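Report on the following structure.
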Amino acid sequence: MITIVDYDAGNLKSVEKALRLLGEDPRVTRDPEMILHADKVILPGVGAFGDAMENLDRFGLTEVLRQVAAKGTPFLGICLGMQLLFERSDESVGVKGLGILPGEILRIPPAQGLKIPHMGWNSLELTPGARLFAGVENGSYVYFVHSYYLKAREESMVAATTEYSVHIHASVESGNVFGCQFHPEKSSSVGLTILKNFVGL
């Protein structure tokens with residue numbers, strides 16, 4: 001069973017719809033037991049880092065998600081959901097993230113001719129052997145919507161990068177934990193391939 005974590009941070013329906021296109025029957029839930037016993041867990045999210053962590057705390061999910069990661073369940077964070085996997089964010093100073101992976105979330109610096117938030121299609125530079133990207137061509141385009149970006153502490157976990165004013169760690173994988181700053185569920189056939197790869201882990 002695949003669970004999509006519902007913590008009032010939006011973007012659940014499009015992830016659910018994409019998984020159904022792949023023939024899956026995901027459960028959207030905030031029930032801790034269902035999440036802990038799932039075969040795979042997806043943490044989507046749009047909105048502010050601090051509000052999202054507050055919601056996870058309020059629904060009693062902070063420790064649950066740390067346990068999911070620790071017990072080896074395949075775990076995918078999408079957009080804000082990926083950012084929450086890390087330690088801190090410029091968006092909400094003083095708020096601790098889940099701290100499952102080492103790194104921080106920084107504001108995209110201004111650059112001439114570039115709008116922030118970054119909204120639109122950007123190409124990915126893929127790390128050879130990255131499991132989420134099996135069958136995906138290097139240079140493929142995916143859809144981003146964000147004002148903050150990941151700087152992972154360890155280059156070894158970076159599965160894909162992109163350039164937008166700055167060098168952005170666009171996807172990570174570390175053991176059973178995966179993250180995409182972009183929205184695979186809104187990234188056409190490339191995104192469906194990425195989600196299919198996750199489902200098949």
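To keep it simple, each residue is scored yes or no on (1) at positive phi; (2) among the charged types (D, E, K, R).
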residue: S14; (1), (2): no, no
residue: L22; (1), (2): no, no
residue: A38; (1), (2): no, no
residue: M53; (1), (2): no, no
residue: E63; (1), (2): no, yes
residue: G72; (1), (2): yes, no
Inset, instruction - Only residues that are under 28 Å from N197 (Cβ atoms) and open to solvent by 20 Å² or more (accessible area, probe 1.4 Å): list them for the range 82-94, please. - result: E87
Inset, instruction - Specify the residue that is most open to solvent (accessible area, probe 1.4 Å); the eligible residues are those in the range 17-56 that are hydrophobic (A, V, I, L, M, F, W, C) and in a loop (DSSP other than H, G, I, E, B). - result: V46
Inset, instruction - Search the range 154-177 for residues that are polar (S, T, N, Q) and outside any strand (DSSP E or B) and pair each with any residue that is buried (at least 23 other Cβ atoms within 10 Å of the Cβ) and at pLDDT 95 or above when their beta-carbon atoms are under 9 Å apart and the residues are at least 6 apart or on different chains. - result: S165/Y149; N176/V68; N176/F75
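So that you can scan it fast, the table gives a plain yes or no per residue for (1) without any contact (Cβ under 8 Å) to a residue 40 or more places away in the chain; (2) more than 27 Å from L192 (Cα to Cα):
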{"position": "T62", "(1), (2)": "yes, yes"}
{"position": "L65", "(1), (2)": "no, no"}
{"position": "A70", "(1), (2)": "yes, no"}
{"position": "L80", "(1), (2)": "no, no"}
{"position": "K96", "(1), (2)": "no, yes"}
{"position": "E104", "(1), (2)": "no, yes"}
{"position": "Q112", "(1), (2)": "yes, yes"}
{"position": "P128", "(1), (2)": "yes, no"}
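Going by what's in this entry, would G135 be described as open to solvent by less than 80 Å² (accessible area, probe 1.4 Å) and either at negative phi or at pLDDT 95 or above (or both)?
The answer is no for G135.
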Legend entry - G139 being part of a loop (DSSP other than H, G, I, E, B) and out of contact with any helix residue (DSSP H, G or I) (no Cβ under 7 Å at 6 or more places or on another chain): yes
Inset, instruction - Could you please give the count of residues in the range 101-132 that are assigned to a loop (DSSP other than H, G, I, E, B), open to solvent by 40 Å² or more (accessible area, probe 1.4 Å) and hydrophobic (A, V, I, L, M, F, W, C)? - result: 2
Legend entry - Residue tally, condition over 25 Å from E16 (Cβ atoms) and open to solvent by 20 Å² or more (accessible area, probe 1.4 Å), over the range 162-194: 7
Inset, instruction - Check the range 57-78 and report whether any residue there is of a type in the set (F, W, Y), open to solvent by less than 20 Å² (accessible area, probe 1.4 Å) and farther than 18 Å from L36 by Cα. - result: no
Inset, instruction - Please go through the range 1-60 and pick out each residue that is more than 25 Å from M119 (Cα to Cα), among the polar types (S, T, N, Q) and within 15 Å of the chain's Cα centre (by Cα). - result: T3
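The values are calculated or read from the model by the stated rules, or taken from the named source; none is laboratory data. Note that this is a predicted model, so its numbers are computed, not measured. Positions of Cβ are backbone-derived with ideal geometry, glycine not excepted, and every protein chain shown enters the neighbour counts. Side chains are part of the model used for accessible areas, which takes the heavy atoms of the whole protein and leaves out ligands, DNA and RNA. Shrake-Rupley method; radii C 1.70, N 1.55, O 1.52, S 1.80 Å.
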